[in-house]
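Okay, structure first, notes after.
The values are calculated or read from the model by the stated rules, or taken from the named source; none is laboratory data. A quick note: this is a predicted structure, and the numbers were derived from the prediction, not measured. Here the Cβ is made from the backbone with ideal geometry for all residues, glycine too, and neighbour counts use every protein chain on show. With ligands, DNA and RNA removed, areas are computed over all heavy atoms of the protein, side chains included. Shrake-Rupley method; radii C 1.70, N 1.55, O 1.52, S 1.80 Å.
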There are 2 protein chains.
Amino acid sequence: MRVLVIEDETKVGSFIKRALEEESYAVDLCEDGAQGLDMALSGSYDLIMIDLMLPSLPGLEVLARLRKEKIQTPVLILTAQSKVDQRVKGLDAGADDYLTKPFAIDELLARVRALLRRGPAESPGIFQIDDLVLNPATREVTRGGQRIDLTVKEYALLEYFMRHTGRVLTRPMISDHVWNQDFDTFTNVIDVYVNYLRNKIDRGRARKLIHTIRGSGYMLKVD
Amino acid sequence: MRVLVIEDETKVGSFIKRALEEESYAVDLCEDGAQGLDMALSGSYDLIMIDLMLPSLPGLEVLARLRKEKIQTPVLILTAQSKVDQRVKGLDAGADDYLTKPFAIDELLARVRALLRRGPAESPGIFQIDDLVLNPATREVTRGGQRIDLTVKEYALLEYFMRHTGRVLTRPMISDHVWNQDFDTFTNVIDVYVNYLRNKIDRGRARKLIHTIRGSGYMLKVD
DNA sequence: TCTTCTCTATGCGTGTGCTCGTCATTGAAG
DNA sequence: CTTCAATGACGAGCACACGCATAGAGAAGA
C-alpha cells in the first residue's frame, strides 16, 4: 500500500512518514501543493493525505482538482483548525475523512486502515487464502496456524498479493504499490523478494500459493 | 497514560501537573478553553481534566463539543461551586466525575486512577503477564514475587506496555502515550528506556518479555 | 554539595534491503 | 528432438540503517 503525504511542515511530515513506514506502507513525502498534485495525479497511490495549509496551492484546491480529474483515491485531510466549516468544506470537496492537528498517531493509523479497508472489494479486516491468513491490524501472518515472521518489505509484498488474490500482478504494478518513488526499475529486486516469500510461505508445503506467470508477473492463488 | 489539564489559574494548573507527573503521567497543560478543545480533539489523551470557569470558552461548552465529536475520553470536571445544579449539568453534559475546589490532591489522584481503571478493555485494577505483575494503584511492580524499583519514566513505559500486551507498539505510538507534547522525535530516548526496562525486568531471566520487532517497534509478550 | 533521573551523543554489531552473477526453466524455431 | 534465446530462480556478498549499549551532560531535588 502506497501513501502520498502532502505536508509542508517537515517535522510533522517526516514523523508521519516514519510512522507509516513502520506499519509497512510505502510513503512518498511532498512539501509543496502544486508538486503534490502532480504526484497525486499519477494515480499510483492507495491513499493521499493532504494538509490544508500549504504554500503555492491550498490543500482544498489540490483535492478539488484531483476529483475533477476523476482520481477516486481515498483522501485524508489534515487540518490545524477544528472549525466545523473547514471540515464541512473538506468533506464537500470530496475528502473521505479528516483529522485535526495535533492528533494521536494511533488515531491516524486507525483511520488509514479504515480508509484502505473499504477498498473496491469491500473487504473485511482479515485476508485468507487456503490456510494462509494475514491480519493487517496486527500485521500477523500464519500458515496452517503456524506463525510466520516477515520483514517489513516481505510483509508489504505479501499484503499486496493477498489484496489481489487470483489476479496477475505485473512487476510495474507491484513496484507501484509496494515500493516508493525512488524505486529503480532496472533491477530484479521484486524477483528476489518473491523468492524470499516463497521460502517462508511455500517451501515444503504441498500446495504452492505463489505462482509465476511467465512473461507477465506473479499470481497468488490455489491451483 | 497521558492527561490534558484545561485550567486557567496558573498556580492550580501547574500544581496539578506536577502532582500527576510524580505519579508518572505525561501531562499537557492548557490555560485556554478554545485551545484546550483543539488539543482534546486530537484524541491523544487518556484522560481530560476541565475547569468550569474558563476564559474564551466555558468548560461545559468544551465538554459538550467534545462529546458531540464522539470523543469518549473520560472527563473529570473541576468546579469552584459545589452547587448541586452545576454538578448535575456537568454529568449531564457527559462528564465522568467531578471535584469541587479546593480539593485534597490525594483525592484527585484517587479519582484519576478510578477513571483510568474503567478503560476500554474493562480492565481489572492489576496487570499481569507471566510472573510480572504491575499494580497501578500502588505503582508497585514485581517479577516472580521480587520487587522491582522503577523510575517515574520507566514505570510509565512499562504500564503502557502492559496495557497493550501482545500488540506491536511503534515508536510514535509509544511517544504519544508516554511522553508529553514537547517530545523530540529525532532522538533515541525510547530505545534507551526500553533498554533500562530490559535491564530491570528481563536481564538474567529465562523467559524474556520485551521483544524487538525490527523495523516496527516493540512488543510485550511471552514467547 | 551530592545524588538521582532524564535525555543526548556516539560507537559498534548485525539484519535487512538490495545488487550481481550464474544457473535453471521455458518455449519456440530449426 | 535439439538448439537457442529469453526469462526467471537463487545463492553470495555488500552497504547501510537500525537497534543496542554505554558514557556523560544537564536538570532537579535532597
Out of the stretch B:172-198, which residues are within 12 Å of DNA strand C (Cβ to nearest atom), more than 14 Å from chain A (Cβ to nearest Cβ) and without any contact (Cβ under 8 Å) to a residue 24 or more places away in the chain?
-> B:Val189, B:Val192, B:Asn195
Across the stretch A:150-171, what is the total count of residues that are more than 14 Å from every other protein chain (Cβ to nearest Cβ), out of contact with any helix residue (DSSP H, G or I) (no Cβ under 6 Å at 6 or more places or on another chain) and within 14 Å of DNA strand D (Cβ to nearest atom)?
-> 4
Pull up the stretch B:39-79, narrow it to residues that are more than 10 Å from chain A (Cβ to nearest Cβ) and small (Gly, Ala, Ser), then point me to the one that is nearest to B:Tyr25 (Cα to Cα).
-> B:Gly59
Taking B:Leu134 as the residue in question, decide whether it is of a type outside the set (Lys, Arg), touching a Phe, Trp or Tyr at 6+ places or on another chain (Cβ under 7 Å) and either under 28 Å from A:Glu22 (Cα atoms) or within 14 Å of another protein chain (Cβ to nearest Cβ) (or both).
-> no
Any hit, the stretch B:118-128, residues being out of contact with any Cys (no Cβ under 9 Å at 6 or more places or on another chain), within 14 Å of chain A (Cβ to nearest Cβ) and within 16 Å of DNA strand D (Cβ to nearest atom) | no
Keeping to the stretch A:145-162, report how many residues are free of Cβ contacts under 8 Å to residues at least 60 places away in the same chain and open to solvent by less than 60 Å² (accessible area, probe 1.4 Å).
-> 7
Those residues that are within 14 Å of chain A (Cβ to nearest Cβ) and surrounded by fewer than 20 Cβ atoms within 10 Å (Cβ to Cβ), I need them from the stretch B:19-38; list them, please.
-> B:Asp32, B:Ala34, B:Gln35, B:Asp38
